Each structure stands twice: as C-alpha cells, then as structure tokens.
Amino acid sequence: GAEAGDALAPTEIVCILRDAEQLFADRFAIILAGGEPQLPPSTSPDRWPEERAYLSEDAVEALAAFRQRRAATLAQLQGLPAADWQRAGVHPQRGRLSIDDLVAMMAWHDEHRVAQLTRSLSGGARDAADPGGPDGGDGRVREAGRAARGAPASHRGRAGRGHPRP
C-alpha cells in the first residue's frame with residue numbers, strides 16, 4: 001500500500017526509483033534543450049505504486065531498468081561543462097531549479113528510498129509475490145533490494161534532509 005509510505009513493498013520502491021530516474025532525466029533534457037524552460041509540475045511518487053500497478057511488475061526487471069537509466073544519467077552529467085550545471089528551468093511549485101539543484105534532489109530521493117527499501121526488506125512490508133514476506137519466495141526481491149542499495153547516488157552527501165519529492 002502506497003498510502004503508508006514506509007509500508008511500501010520492495011518491488012514498489014524499486015519501481016519508484018526507476019520512474020523517478022526517468023523523471024529527472026526528462027527534466028535534465030528539458031533544461032539542456034535551451035533557454036530557461038518551464039518544467040512540468042511534480043506528482044507524488046507515493047501515489048505511483050497504486051496508479052501504476054507496481055506490484056504486478058518484476059523487481060529484478062525494474063532494477064535493471066533503473067540501473068540502465070542511472071548509467072545514462074551519470075554519463076550525461078559527467079559530460080556536462082561546469083557552466084551547464086547552473087542552467088535551469090522554472091518549476092511551477094518550486095521556482096528556478098538548476099541542474100545542480102536537481103542532482104541534489106535526486107541524491108536526497110535516492111537516500112530516502114534506499115532507507116525505505118532497507119526497512120522494507122527488514123520486514124517492514126510484504127511483497128505481493130509472496131504474502132509471507134518480502135523475498136518473493138525465491139529471494140529475487142531481496143536480491144533486487146540489495147543491488148539497489150549499492151546503486152550509485154550522484155552528489156551523495158550534498159542534499160539536505162529537507163528536499164521535497166522529485
């Protein structure tokens with residue numbers, strides 16, 4: 001259930017990470033396209049599990065998609081000239097957000113979701129694949145969670161605790 005926040009199943013959390021990665025990549029692309037563009041409004045990632053039926057997805061596939069998207073994001077960011085990190089878009093709720101600001105938000109989101117995933121894998125939530133626990137019966141969800149915890153977070157340590165959702 002998405003409403004309880006920390007009660008999300010491991011599969012749901014991995015899917016949120018995957019989809020948030022795409023959201024950040026889309027925002028980077030909009031900003032880098034030129035000018036100081038309008039950015040799309042935020043949606044609540046805590047509503048995504050139900051709206052997008054994450055429990056019907058495979059955690060291992062979602063993690064593989066996240067890793068692929070993150071690798072592409074990191075490659076893009078590593079190739080940016082220093083001045084481009086200050087390029088920005090205007091968010092309807094938050095105002096001007098630079099690439100640097102978005103990377104800090106991305107790092108905060110990673111830390112938040114990985115902590116949530118750790119709690120979930122410790123027994124804080126059950127996965128639909130196995131009503132008896134988060135393993136999905138064959139350890140696939142737990143392994144996906146372990147791998148997600150090892151996923152890199154750009155600018156780790158830069159983001160404060162007060163960053164809003166992506």
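What to note about this one:
- 3J(HN,Hα) couplings calculated from phi for region 7-16 with the Karplus curve 6.51 cos²θ - 1.76 cosθ + 1.60 (θ = phi - 60°) are, in sequence order, 7, 5, 6, x, 4, 4, 5, 4, 5, 4 Hz; Gly and Pro show x.
- Ratio Rg/Rh [Cα only; Rh per Kirkwood] for region 1-75: 1.03
- Applying 1/(1 + (r/R0)^6) with r as the Cβ-Cβ distance of ALA75 and GLU111 and R0 = 22 angstrom yields a FRET efficiency of 0.55.
- Counting only the Cα atoms, region 41-81 fills a convex hull of 83 Å³ per residue.
- Close amide-amide hydrogen proximity is noted between HIS91 and LEU39, ARG96, LEU97, each under 5 Å apart and 5 or more residues distant or on a separate chain (H modeled in the peptide plane; Pro and chain starts excluded).
- Around GLY34: net Lys/Arg minus Asp/Glu count, Cβ-Cβ under 13 Å: -1
- ARG96-GLU50 FRET efficiency (beta carbon distance; Förster radius 41 Å; 0.05 resolution): 0.80
Coordinate-derived values only; no laboratory data. What you see is a predicted model; the values in this text were computed from it and never measured. When we count neighbours, we look across all protein chains shown, and the Cβ atoms used for this are built from the backbone with ideal geometry, even at glycine.
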